[in-house]
Amino acid sequence: MHLFLVGVSHKTAPVDLRERLDFSSRDVGTAVESLATRLTAAEAVVLSTCNRSEIYVVSTEPERARHDVIGFLSEYHGVPEDVFLPHLFTRQDHEAARHLFRVAAGLDSIVVGEPQILGQVKEGFQAALGRHCTGPLLQKTFEWAFNVGKRVRSETSLGEGAVSIAYAALSPARKIFGKLQGRSVLVVGAGEISTLTAQHLRNQGVAEIVITSRTVAHAEALAEAVSGRAIPWADMPVALGHADIVISATGAQRPIITRAHVEAATGRRRGGPLFIVDLAVPRDVEAAVGDIEQVFLYNVDDLQGIVQENLSRRGSEIERAERIVTDEVAKFIAWQRSRATVPTIRALRDRFETTRRAELLRLKGKLSGLPPEAFDKVDEITRLLVEKLLLEPTEQLKALPDEETQVAFTEVLNRLFRLRDDGSDSVHTTESSTPANRRK
């Protein structure tokens, strides 16, 4: 079974394409369930964040899986294949695992070390798990990725300080206004990234934070958390006219702040620049808003310069984190290779155990004079002896350096101990990757 990845991210695709291929504005669980029905393999996970849409599958036919996933992306999002194919990247087996480990560790984010990404990876996995779209290989791979993310956070300083995209958004604000004290802020949306941004702004000493959300309770909860003020969603256009800084991060599928909204707002303003950061994908703010005089519009792709500064400051921590990933990938490769030997090892153990039991049964009459507890002791001693004899060979078989050598050694074992008595061509296969409770 092969682990296979197809995706687009901020490194391969512009924001306008990423928002067309975005899953987060819709139900990721429904998407992965729809994907699984058309795959040749039964394992799939859809990972969707503001900066990436990635699909992980397990298949015996990687090229067929790639074809299936590309067709699904086109059909599900209504985007012709030739539009996104030049921006698509693929990874297979341990390189797919390496990519996922780096994503979970925050090494593949726009802002390296961004702490929110690990939670987003977990959400994507849980959505697939809850719909029975995962199996043993994806479950092991994602659980491994979670541990890599935790290890990077505990053993490096990569996740400390100004590492979130929410914080990075404040850098251009300081360049425009200087100090942020006394500024009025409008936060549109009350999700995780809005919460983080509002908290950072409060720490900067802004004068007022106004929160609006389609869900009133969410806006009120965030306003209370940051000592701000919640307003009805319908009052957002008016609030634009009183804000110096606007942060928007909703899950809307089309722009909610239009050029007309901002032109009306600037007409009511007392003068001075208006800074708008659109942290949503799909975008919340019409691109034409950036053409208005004295309006400074930034989206997630515009923060790349800040990312480069972040990279240079965090060089040593990145190196340490990358070494952790490399170490874990090596362990993952060894685990993957050992899976190929499992059927042969199991068959070998079964053969020895069958022989042991047969010999004990044959000798039972000769040992009839022994008390029951003594015969049980003989049974235990012979069982432990077989286990000890097989321990070193099985460990050596698992540790063989490459698949070709493993195949050769398992072939020798199959012939020496006649492990193919069932008439099959080979026992050199892995356990099934199909979940037992997979939806049909």
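The values are calculated or read from the model by the stated rules, or taken from the named source; none is laboratory data. Worth saying up front: this structure is predicted, and the values here are computed from it rather than measured. Counting neighbours? That spans all protein chains shown, and the Cβs are built from the backbone with ideal geometry, glycine included. The protein model used for the area step is the full one, side chains on, heavy atoms only, and it has no ligands, DNA or RNA in it. Shrake-Rupley method; radii C 1.70, N 1.55, O 1.52, S 1.80 Å.
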(message) Quick check on my filter: what residues within region 332-377 are part of a helix (DSSP H, G or I), out of contact with any Leu (no Cβ under 7 Å at 6 or more places or on another chain) and of a type in the set (A, V, I, L, M, F, W, C)?
(response) 332, 333, 334, 335, 340, 342, 358, 360, 361, 363, 374
(request) Determine whether region 121-140 contains at least one residue that is under 27 Å from residue 302 (Cβ atoms), assigned to a helix (DSSP H, G or I), out of contact with any Phe, Trp or Tyr (no Cβ under 9 Å at 6 or more places or on another chain) and touching a residue at least 40 places away in the same chain (Cβ under 8 Å). (result) yes
(message) Can you tell me how many residues within region 172-221 are exposed (fewer than 15 other Cβ atoms within 10 Å of the Cβ) and of a type in the set (Gly, Ala, Ser)?
(response) 5
(message) So residue 242 passes all but one of these: (1) open to solvent by less than 10 Å² (accessible area, probe 1.4 Å); (2) in contact (Cβ under 8 Å) with a residue 40 or more places away in the chain. Which condition number does it fail?
(response) (1)
(message) Exactly one of these conditions fails for residue 90: (1) open to solvent by less than 30 Å² (accessible area, probe 1.4 Å); (2) in contact with a strand residue (DSSP E or B) (Cβ under 6 Å, 6 or more places away or on another chain); (3) under 30 Å from residue 337 (Cα atoms); (4) not small (Gly, Ala, Ser). Give me its number.
(response) (1)
(message) Just to be sure I understand the filter: pairs with C-beta atoms under 6 Å, separated by 6 or more residues or on different chains, first member in region 304-318 and farther than 26 Å from residue 15 by Cα, second member outside any helix (DSSP H, G or I) and modelled with pLDDT of 70 or more. Which pairs pass?
(response) 317/156; 317/157; 317/158
(request) Considering every residue within region 294-301, establish whether at least one is within 30 Å of residue 98 (Cα to Cα), assigned to a helix (DSSP H, G or I) and not β-branched (Val, Ile, Thr). (result) yes
(request) Give region 19-46 a look and list any residue that's touching a residue at least 40 places away in the same chain (Cβ under 8 Å) and in contact with a Ser or Thr (Cβ under 7 Å, 6 or more places away or on another chain), or say none. (result) 21, 22, 24, 28, 41, 42, 43, 45
